[in-house]
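Undergrad: Can you keep this structure in mind? I'll have questions shortly.
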Amino acid sequence: MFENLGLEERLLKGVKAMGYTTPTPIQEKAIPVALEGRDIVGCAQTGTGKTAAFILPLLQNMGTQRGVKALVVTPTRELAGQIVEVARECSRYTGHKVAAVYGGVGYQPQKDKLRRGVDLLVATPGRLLDLSGRGDVNLSQVEVLVLDEADRMLDMGFWPDVRRIMKLLPAKRQNMLFSATMSHQVLGVIGDTLSRPVRIDVAPSATPIEAIEQAVYPVGSTQKGDLLVKLLEERDLDRVLVFTRTKHRADRVCRTLSRKGIKGVAIHSNRSQTQRQQALDGFKNGKYRVLVATDIVARGIDVDNISHVINFDMPNKAEDYVHRIGRTARAGNDGTALSFLSSEETSALREIEGLIGTTLPCEDVEGFDYDYRVVPDPGREATKVRKLVYNGGALSGKRRRSRRPGRSMARAR
Ligand code: AMP
């Protein structure tokens, strides 16, 4: 019950208007602690309800003086957009002004919005530093700082920027840090930045890795496009998210699909904000059957009912495999993750299997004219699970029963 978390009536009304009836586990755990003003470290990914978990208490605790009193720093424009939407709804009955600033769109409208007064600011690091450097935003009133997707900000090289931002803030403030993974790097940052934080871990509510059917399709690198087309033409793949290693390859996959009359669209950091939003909206409303993405934007893709994730290229980092496939099987739906594996990528597969503690089944696609066979080491076995903990849930560090490659699709446990 939201009523038991210590939230004021005007926020409860906002929660009700959003249609939330029961708090998610992270909301239940984080809201009372955040309301006390304590620092928080939350191990949770998108999809767990973490946004409202930090927005609601910071709105309640916000002072009445003019100026930016709460700052949420997040790595991508998509996330900034989603956070500000939640903030807008939560603050419907509080009268607080919320805004987002991010790169890739005009500077002046953001500057104007700031001049008119903003209480809660959501920002990507680069644009925020630009605005601050030109004197267009004053951060000296900030009482609460939220670092969202901290691991991704580290991965993307934003940390020096985040440090610069922190120097612009009053030293006395509340900090909340959220991260989908807790690597040593993230833990180092926590030690540096937070004061006696309360640690809150939640498993992803909708996507334990066990719920996703996973299989590997070995295929030569030059035949990946053909294999994707064959699967899309012959199988009942409804709403498909395809991951490639580079932006260039994402565009190429889209061109291949369009030559075959399959409706697909690419989303990556070279595309403008408007193009990215249009791609996401079109994918959500069914205009496009396939969304092709790179890892950088994966976290911003909050779309329900993705039936299949296809790793056209294996991810460079094993953790990204978990983030990628976690986009499917949300909210109790079925989901399947298929990974195309070329001979150059077999070591990536071993890394992934080591991380998830499972040997994934390898399968051939019937009727596909393979140029040559890609054979991953058949004797490979997941022997060790690295210490890295994913969401405090799915990857607990225990070794799971391994599965030998087989022809049949099976749930990987
Ligand atoms: P987030 O993890 O913050 O990105 O939220 C994921 C999705 O869950 C968003 O679409 C939210 O609107 C939704 N959501 C968050 N909290 C609740 C709740 N208590 N009840 C129902 N839906 C929620």
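Undergrad: Could you work out how much longer the chain between L187 and D136 gets when fully extended? Use 0.36 nm per residue separation minus the Cα distance between them, nm to one decimal.
TA: 15.1 nm
Undergrad: Follow-up. Where does the charge balance sit around P160 when Lys and Arg score +1, Asp and Glu -1, over other residues with C-beta under 14 Å from its C-beta?
TA: So the environment of P160 carries a net charge of 0.
Undergrad: I've got another one for you. Rounding to the nearest 20 debye, state how big the charge dipole of region 2-201 is about its Cα centre with +1 on each Lys and Arg Cβ and -1 on each Asp and Glu Cβ.
TA: Charge dipole, region 2-201, about its Cα centre: 640 debye, nearest 20.
Undergrad: Which of T48, V101, G133 sits closest to the plus end of the dipole of region 2-201, meaning its Cα is farthest towards the positive end, when Lys and Arg get +1 and Asp and Glu get -1 on the C-beta?
TA: So the residue furthest toward the plus end is G133.
Undergrad: How long are the semi-axes of the equivalent ellipsoid of region 2-201, defined as square roots of 5 times the Cα gyration tensor eigenvalues? Whole Å, largest first.
TA: Working from the Cα gyration tensor, I get semi-axes of 23, 21, 15 Å.
Undergrad: Pull up the cross-link candidates among the aspartates and glutamates for K224, meaning alpha carbon to alpha carbon under 12 Å and not fewer than 8 places away within one chain.
TA: Counting by Cα, and skipping residues close in sequence, K224 has these aspartates and glutamates nearby: D313, D369, D371.
Undergrad: For L341, list long-range residues whose amide hydrogen, built 1.01 Å from N in the peptide plane, is under 5 Å from its own amide hydrogen.
TA: Amide H neighbours of L341: Y217, V219.
Undergrad: Related question: As an exercise, use a Förster radius of 25 Å and the Cβ-Cβ distance of S343 and R259 to find the FRET efficiency, rounded to the nearest 0.05.
TA: Calculated value: 0.45.
Undergrad: Next question. Report, in debye and to the nearest 20, how large the dipole of region 96-191 comes out about its Cα centre when Lys and Arg carry +1 and Asp and Glu carry -1 on their Cβ.
TA: 400
Undergrad: Kirkwood-based Rg over Rh for the chain (C-alpha set), two decimals?
TA: Radius of gyration relative to Kirkwood radius: 0.99.
Undergrad: Please name which of S183, A298, V68 has its Cα lying farthest along the dipole of the chain towards the positive end, using unit charges on Cβ (Lys, Arg +1; Asp, Glu -1) and the Cα centre as origin.
TA: Result: V68.
Undergrad: Which pairs, out of K16/K287; K230/K284; K50/K247; K69/K97; K111/K172; K69/K167, put more than 21 Å between their alpha-carbon atoms?
TA: K16/K287; K230/K284; K50/K247; K111/K172
Undergrad: Hey, what number do you get for the chain at 222 nm if only DSSP H runs of n ≥ 4 count, each worth -39500 (n - 2.57), divided across all residues, to the nearest 500?
TA: -10500 deg cm²/dmol
Undergrad: About the Cα centre of the chain, how large is the charge dipole given +1 on each Lys and Arg Cβ and -1 on each Asp and Glu Cβ? Please answer in debye to the nearest 20.
TA: In debye, rounded to 20, the chain gives about 700.
Undergrad: Here's another thing I want to ask about it. Taking the Cβ-Cβ separation of D112 and Q273 as r and a Förster radius of 22 Å, what is the calculated FRET efficiency to the nearest 0.05?
TA: 0.80
Undergrad: Counting only residues 5 or more places away or on other chains, whose amide H sits under 5 Å from the amide H of M182 once H atoms are built in the peptide plane?
TA: V389, N391
Undergrad: Right, here's the next one. Once fully extended, how much extra length lies between E36 and F368, figured as 0.36 nm per residue of separation less the alpha-carbon to alpha-carbon distance?
TA: That works out to 113.5 nm of additional length.
Undergrad: Let me ask you something else. Around V292, which amide H atoms from residues at least 5 apart in sequence, or from another chain, sit under 5 Å from its own amide H, with H modelled in the peptide plane?
TA: Those qualifying (amide H under 5 Å, at least 5 residues apart or on another chain) are V242, V265, A266, I267.
Undergrad: A further question follows. Express the accessible area of region 2-201 per residue in Å², computed with a 1.4 Å probe while the remaining protein chains stay in the model.
TA: Normalised by residue count, the accessible surface of region 2-201 is 41 Å².
Undergrad: Right, something else. Suppose the chain between R10 and K172 were pulled fully straight at 0.36 nm per residue; how much longer would it get relative to their current alpha carbon spacing?
TA: Result: 55.6 nm gained on full extension.
Undergrad: A further question on this structure: Starting from the alpha-carbon convex hull of region 182-268, give the projected area averaged over all orientations, in nm².
TA: It is 9.1 nm².
Undergrad: Could you tell me what percent of the accessible area of region 46-88 is made up of carbon and sulfur, with a 1.4 Å probe and every protein chain present?
TA: Whole-percent figure for carbon plus sulfur exposure: 47.
Undergrad: What does the net charge come to around G135 if you take all other residues with beta carbon closer than 13 Å to its beta carbon, with K and R at +1 and D and E at -1?
TA: Combined, the nearby Lys, Arg, Asp and Glu give +1.
Undergrad: Let me ask you something else. Once you list every other residue whose beta carbon is under 12 Å from the beta carbon of E9, what net charge do they have if Lys and Arg are +1 and Asp and Glu are -1?
TA: After counting each charged neighbour, the total is +1.
The values are calculated or read from the model by the stated rules, or taken from the named source; none is laboratory data. Values in this document were obtained by computation on a predicted structure and should not be read as measured data. Every residue, glycine among them, receives a Cβ derived from its backbone with ideal geometry; neighbour counts consider all protein chains shown. Note: areas computed on protein heavy atoms with side chains; ligands, DNA, RNA excluded. Shrake-Rupley method; radii C 1.70, N 1.55, O 1.52, S 1.80 Å.
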